[in-house]
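The values are calculated or read from the model by the stated rules, or taken from the named source; none is laboratory data. In this text, all values refer to a predicted model and were calculated from it rather than measured experimentally. Every residue, glycine among them, receives a Cβ derived from its backbone with ideal geometry; neighbour counts consider all protein chains shown.
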Amino acid sequence: MLLLSPVIVTVLIAGLALSTPRGIAFSRLLPAAPALAAALWPVLPTVLLGTFCLLVMISLSFIYSDLGTPYTAAAIAAVTLAAAYASHLRLQREETLFQVRLVADAAQKVLLRPLPHRVQDVEIESLYLAAQEQARIGGDFYEVVDTPHGVRLLIGDVRGKGLSAVGVASAVINCFRENAYDQPDLRALVRRLQTTMSRYSAAVPADDQAEHFATALIAEIPRGGGHVRILNCGHPPPVFVRAGKIHVLEPTLASTPLNLSALLGDHYHVDTTAFVPGDQVLFYTDGVTETRDRTGAFFPLADWARQHNRTPPRELLDRLHADLLHYAGGRLDDDIAALAVRRRHTGAPEQR
């Protein structure tokens, strides 16, 4: 219907011009039709519509001789030419934007590659929402790898937005992908991430260099073990679900966010929590808990999780997606990343 609106406008104006007194002169509105077409149609259909409007105006002049046809016809011709040029420029910009989005999609697949739905006996589902659709990617990141030490996952959030945040996130993820296999414990692994981000930050100067940091959380689920180790570097605490009960896994001791060790010291602490079949953990970035409604109230994640305490990982993230958009009135102010991880019962059918 939207694409037909220029035709509808043309027919409506022509009908009004024929059915109303000459003094009203609705025919003078005919130039609006090709102007509207420029925003919706390619060049040739826009020119054809302008030509049709010109013929309509000439036809009306045979019925009403005092409509000021020469002036209106000149306006139609001028507007049609301008509309054709505007349509040409719009198509060029749309093609450029399309190519940029293709590059952004490719970059996102490299930065946030699709995660496996299952690693060993662990189900994994992911969610990523960009605050601006045109951006596609941002400073939130996650990764999951199957290592000799067990399943290791990373989720984090780089301070700031734009290409600089994307660059930092890429450096941290690539470091994690390489070192997650080799580093014997989570403290050694996070120190490698710390070093990588510090070197990257020093190599890419920025005006806010002193405030360039990232929060991050690393979790390790050992093979055959009944627990999960978590090292939380200033990141929002995960929500843990066991037998329908909700627990927020606050760190017992604070660990230093990435790239702040020079200011806050090199302090890292690993917490260990039982993680048995049926248990589920929701990891997320602060865009989830900092989503606001129209009154400015933050999204109540813990209360929301209690309402969905028996929801499987994929369905849980789908509901989180829908409820966040609804809570924010359809528009997000920050990027959002989340991972839902559940330990499967042995022999349980796989869910997708």
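Among the residues of the range 321-347, those that are over 17 Å from residue 237 (Cα atoms) and basic (Lys, Arg) comprise 331, 343, 344. Within the range 1-22, residues that are closer than 16 Å to residue 51 by Cα reach partners that are surrounded by fewer than 10 Cβ atoms within 10 Å (Cβ to Cβ) with beta carbons closer than 9 Å, at six or more positions or on different chains, in the pairs 8/1. Is the range 304-327 home to any residue that is in the same structural domain as residue 122 (by TED's automatic domain parsing) and in a strand (DSSP E or B)? No, that holds for no residue. Close contacts from the range 166-181, counting a first residue that is touching a residue at least 40 places away in the same chain (Cβ under 8 Å) and a second that is in a loop (DSSP other than H, G, I, E, B), with Cβ to Cβ under 6 Å and a gap of 6+ residues or different chains, come to 166/137; 169/139.
Considering the range 305-352, and only residues there that are closer than 24 Å to residue 165 by Cα and surrounded by fewer than 16 Cβ atoms within 10 Å (Cβ to Cβ), the residue that is modelled with the lowest pLDDT turns out to be 333.
Confirm whether residue 332 is in contact (Cβ under 8 Å) with a residue 40 or more places away in the chain, under 21 Å from the mean Cα position of the chain (by Cα) and assigned to a strand (DSSP E or B).
Numbers: in contact (Cβ under 8 Å) with a residue 40 or more places away in the chain: yes; under 21 Å from the mean Cα position of the chain (by Cα): yes; assigned to a strand (DSSP E or B): no.
The answer is no for residue 332.
Any residue at all in the range 265-286 that's in the same structural domain as residue 166 (by TED's automatic domain parsing), polar (S, T, N, Q) and in contact with a Lys or Arg (Cβ under 6 Å, 6 or more places away or on another chain)? Within the range 265-286, one or more residues are in the same structural domain as residue 166 (by TED's automatic domain parsing), polar (S, T, N, Q) and in contact with a Lys or Arg (Cβ under 6 Å, 6 or more places away or on another chain).
Here residue 157 qualifies as crowded, with 17+ Cβ neighbours inside 10 Å, at pLDDT 90 or above and acidic (Asp, Glu).
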